[in-house]
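**Q** Got a structure for you, questions after.
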Amino acid sequence: MDDARKYNHPARGTQAWQRIYNERSSVVRVNAYLKDAYQLNATRFYKADHANAFYRLIQLAYNARTYANQRLAERKNRKEIAV
């Protein structure tokens with residue numbers, strides 16, 4: 001019963017498990033997109049700390065851009081509803 005791969009919480013196949021799995025899958029898709037779009041597999045850093053910092057900055061820029069786009073779309077929708 002101590003093997004987390006066999007006996008996990010929430011139980012595999014439940015709705016709670018599916019929700020967590022979907023969230024994890026979306027994060028994995030975004031990370032794969034970032035690695036492909038910014039060619040992170042071809043970095044020339046010799047220290048892991050430098051590569052990690054570079055990757056975090058790219059994630060920050062991507063999240064800021066996505067957040068800004070969501071806010072602009074929300075503002076545009078509010079203006080269309082008001083008219």
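**Q** Using the 2.2 N^0.38 Å rule of thumb for compact globular proteins, work out how the chain stacks up: its C-alpha Rg over that value, please.
**A** 1.61
**Q** For n ≥ 4 DSSP H runs only, could you compute -39500 (n - 2.57) per run for the chain, divide by its residues and tell me the 222 nm figure to the nearest 500?
**A** Computed mean residue ellipticity for the chain: -25000 deg cm²/dmol.
**Q** Give me the extension gain from Leu57 to Ala42: residue separation times 0.36 nm, minus the current Cα-Cα distance, reported in nm with one decimal.
**A** Between Leu57 and Ala42, full extension yields an extra 3.8 nm.
**Q** Full-extension gain between Arg19 and Tyr33, please, as 0.36 nm times their residue separation minus the C-alpha to C-alpha distance. Don't skip to the answer; put the middle values down first.
**A** Values: separation 14, 0.36 × 14 = 5.04 nm, distance 2.13 nm.
Here the segment from Arg19 to Tyr33 would lengthen by 2.9 nm.
**Q** Would you list which lysines come within 24 Å of Lys35, measuring only between C-alpha atoms, while excluding same-chain residues fewer than 8 positions from it?
**A** Candidates past the 8-residue exclusion: Lys47.
**Q** Working from the pairwise distances between different alpha carbons, so that the mean of 1/r is found and then inverted, what is the range 39-83's Kirkwood radius in Å?
**A** 12.8 Å
Laboratory data are not the source of any read-out in this text; all were calculated from the coordinates shown. These numbers were taken from a predicted model, which means no experiment stands behind them.
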